[in-house]
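Every number in this text was worked out from the coordinates using simple rules, so none of it is lab data. For clarity, every value in this text was computed on a predicted model and none was experimentally measured. We place every Cβ from the backbone using ideal geometry, glycine too, and count neighbours over all the protein chains shown.
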Amino acid sequence: MARIREFARERGAVFWTFGFPLLITVALGIAFRNPGPPRLAVAVVDGPRAAEVQRALEADPGLEVTVLPAAQAAARLRAVAAVLVVETGAGAGDKVIYRFDPSRPEALGARRAVDDRLQRAAGRADVVPTTDATAVAQGGRYIDWLVPGLLGMQLLSGALWGNAWNIVTARQRRLLKRLAATPMRRAHYLMSFRLAGLLFVPLQVLVLFVFARLTFGVHVHGSPVAVLALSIFGSWSFAGLGLLCAARAQNSETANGLINLVTLPMYMLCGVFFSSSRFPAAVQPVIRLLPLGAFNEAMRHVVNDGASICAQGFPLAVLLAWAVVSSTVALRLFRWT
Amino acid sequence: MNASAPDAASTDAPARGADRAIRIKGLVKKYADVMAVAGLDLEVHRGECFGLLGPNGAGKTTTVEIMEGLTAPTSGEVEVLGKRWDQHADELRARIGVTLQETKLFEKLTVEETLRLFRSFYDPARALDVEAVLRDMQLTEKRGAWVQRLSGGQRQRLAVALGVMGDPDVLFLDEPTTGLDPQSRRALWDTISALRARGKTVVLTTHYMDEAERLCDRVAIVDHGKLIAIGTPSELIDGIGGHHLIELETDRPLAPEDVADVAGVRSARRAGDGLALSITEPHVALPALFARLGARATRPTRLVSRVATLDDVFLSLTGRTLRED
């Protein structure tokens, strides 16, 4: 078996295995980083009182105020570059019109903040004294939530491409046929891909979490051993799907299509980039039964909530079931020629 | 006394079985819309080099891959070394060696690593020494080179080296020299002759008649999945009526009947713009032929006298040449 690890000598895939997930982490981390309290863009329609209104609103650090002609202000609202447009009359007592899309939550916030400022500027006094005490929950940022999902995605794609792609190209090159003509134990050959893939998993996990920690301060709240064990187990389970994709495909184009067919819906459904709770309740049990869904669920519990791996019985059972079923079916269907 | 004297039939059968490496009976392989092998009977003796000769698409590769246990026949019996693939697959795989038509190996392993990997598949007590194989196949200099850097001839030698790694009783070579330059072909022929000299049974397919004539003890000519002739190369050539061949073109066209009765001419047929004559003794046939041409006031525009080849055998049997591709 040790000799068969020679199969693992794959070069050039290093970037896709290690570099690409890191790039995604950086890109999304920057796009969704928390730069202090978000500033809301408000457009004030140019008019006799626009400058006065702008001064009143700029007292609020949460608002970013621009004075624009009516047409441009409307255009910004449509382009989501402004969340609220303020239109004032000529005199101090004239009606103020707020234009916004009520389906955008930040528009409602902006409307309230603007209204508050204008009313106070007009002389309304606060009757109850208030003060703010803010706190950011540990592990509650988007990037904290994102990293375990990225790991799941990385392991799934690594397991599928690593197994399926190599096997199918070997079949296409007739190497499988050549090997089938030797007394080589056929199961050993297929296992060699799985083992070779697993060898890289600890390194992948380590690189991703160390990077996320150094760059974004992402902490692993559960046991690192549990994270590693879960990663290896998940990867082993995903490899079964890889074998299934590779069982019959005669050329790499077919394999490519099959792999995408398996992975893309799971990337969408299983909460890699956004929470799967956005899908209807009826779909939720299905998501929990998908291998990536189960993996992400367990991994987030361990990484973000500091849960024990032993408490993840259901997702682990799902992964085990997928591993057994996919491998069994794949071996039944497998063709050497 | 009677009991101790085995009757002729029962001693004969195992003896024949022992020097028979492969037996094929009524072999048929049907693909969705093609009949690749259409009822083939063959026997390959132990220690001989046996050639399957035929044009592209004749069913040679399919036949060999069935013998190698890589393809299941639609019907018919296949016995290799007295065993059957459906019963003794593991044992057979350990006792045969295979070189497929155009295998791409592990591009990023070196020659030596590839040989060691394949050696690891075989029983270590039986498998050959990597050093010896490298030397025999003239690959010692290239032992550290990645497979993707090898030339066509070197790759093919490596493919044969992998075939012999398990010291097989039967070695299958599917078009071993196709696509090679003349020098690499000759080097590979020497290698194959050396294997045969060591008593290995070799089964090779080819569409080169010179390769079959040079290497094979016996040749089976197949066309459209059927056996059309079998025998030693010289038997097959004798079968078309003579070892010599005269190709003749004349200024006034002649029919085969015009020369068929000339002394020394065994048969005559049309070939291209002229005639092809099978000749037993050129020194008898040539003067007689010139006399006949003179009598008919006809002059030859082209006349070639040469030794007949297996290509001529194929041509006379099918009316086509081996390489009409």
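What to note about this one:
- Dipole of region A:76-185, positive direction: furthest Cα of A:Ala170, A:Leu84, A:Leu155, with charges on the beta-carbon: A:Ala170
- The alpha carbon gyration tensor of chain A gives principal lengths a ≥ b ≥ c with a/c of 1.5 or higher and a/b greater than b/c, which makes the shape prolate.
- Highest mean packing first, where packing is the average number of other Cβ atoms within 10 Å per residue, the peptides B:81-93, A:255-267 line up as A:255-267, B:81-93.
- Each Lys and Arg Cβ is given +1 and each Asp and Glu Cβ -1; about its Cα centre, region B:198-307 then shows a dipole of about 80 debye.
- Evaluated with a Cβ-only charge set (Lys, Arg +1; Asp, Glu -1), the protein assembly as shown carries a dipole of roughly 1360 debye about its Cα centre, given to the nearest 20.
- Mean partner shielding of peptide A:169-181, defined as the number of other chain Cβ atoms within 10 Å of each residue Cβ, is 5.
- Summed residue charge, Cβ within 14 Å of A:Val329's Cβ, Lys/Arg positive, Asp/Glu negative: +3
- At 0.692 mPa s and 37 °C, Stokes D of region B:174-284 from Kirkwood alpha-carbon radius, µm² per second: 198
- Region B:167-203 versus region B:51-91: alpha-carbon centroid distance in Å: 19
- Cα centroid separation - region A:304-337 against region A:82-109, whole Å: 54
- Taking amide hydrogens as placed 1.01 Å from N in the peptide plane, the amide H of B:Ser120 sits under 5 Å from that of no residue at least 5 positions away in sequence or on another chain.
- Label point of A:Leu333 set 7 angstrom out along Cα-Cβ; within region A:262-297, amide nitrogens under 17 Å from it belong to A:262-266, A:291.
- Across all Cα atoms of the protein assembly as shown, the radius of gyration (one decimal) and Dmax (whole number) stand at 39.7, 139 Å.
- Two-site FRET efficiency, A:Asn260 against B:Asp251, from Cβ-Cβ distance with R₀ of 60 Å, rounded to 0.05: 0.30
- Packing rank of A:71-77, B:37-43, where each peptide gets the mean count of other beta carbons within 10 Å, highest leading: B:37-43, A:71-77
- Taking a Cβ cut-off of under 15 Å around A:Asn296, the surrounding Lys, Arg, Asp and Glu residues balance to a net charge of 0, with basic ones at +1 and acidic ones at -1.
- Relative contact order [Cα under 8 Å, 6+ residues apart], chain A, whole percent: 19
- For a paramagnetic label modelled on A:Ala121 (point 7 Å from Cα along Cα→Cβ), amide N atoms under 19 Å away belong, within region A:75-89, to A:82-89.
- Formal net charge of residues neighbouring B:Asp261 (Cβ-Cβ distance under 14 Å; K, R +1; D, E -1): +1
- Global geometry of chain B, whether rounded, prolate or oblate, following the gyration tensor of its Cα atoms and the 1.5 cut on a/c: prolate
- Gain on full extension, evaluated as 0.36 nm per residue between B:His45 and B:Asp217 minus their Cα-Cα distance, stands at 60.9 nm.
- Estimated distance in nm for a label pair at A:Ala281 and B:Asp210, the labels positioned 7 Å out from Cα along Cα-to-Cβ: 8.3
- Value of [θ]222 nm, deg cm²/dmol, for chain B, DSSP H segments ≥ 4, -39500 (n - 2.57) each, nearest 500: -10500 deg cm²/dmol
- Estimated FRET transfer efficiency (A:Asp101, A:Asp305; beta-carbon r; R0 35 Å; 0.05): 0.50
- Computed helical MRE - 222 nm, chain A, DSSP H runs ≥ 4 contributing -39500 (n - 2.57), nearest 500: -18500 deg cm²/dmol
- Computed over chain B: relative contact order in percent, which uses C-alpha pairs under 8 Å that are six or more apart: 19
- In order along region B:180-191, the Karplus-derived 3J(HN,Hα) couplings, from 6.51 cos²θ - 1.76 cosθ + 1.60 at θ = phi - 60°, round to 9, 6, x, 5, 5, 4, 4, 4, 5, 4, 4, 4 Hz, and Gly and Pro are given as x.
- Packing-based ranking, highest mean first, of A:272-282, A:189-199 given that Cβ atoms within 10 Å are counted: A:189-199, A:272-282
- Site pair B:Arg198 and B:Thr140 shows an inter-label distance of 1.5 nm when each label is modelled 7 Å from Cα along Cα→Cβ.
- Whole-angstrom gap from region B:228-306 to region A:240-297, using each part's C-alpha centre: 73
- For chain A, the longest principal axis of the C-alpha atoms and the axis of helix A:20-31 are separated by about 10°.
- Spacing of the modelled spin labels on A:Ser252 and A:Arg186, each 7 Å from Cα toward Cβ, amounts to 2.5 nm.
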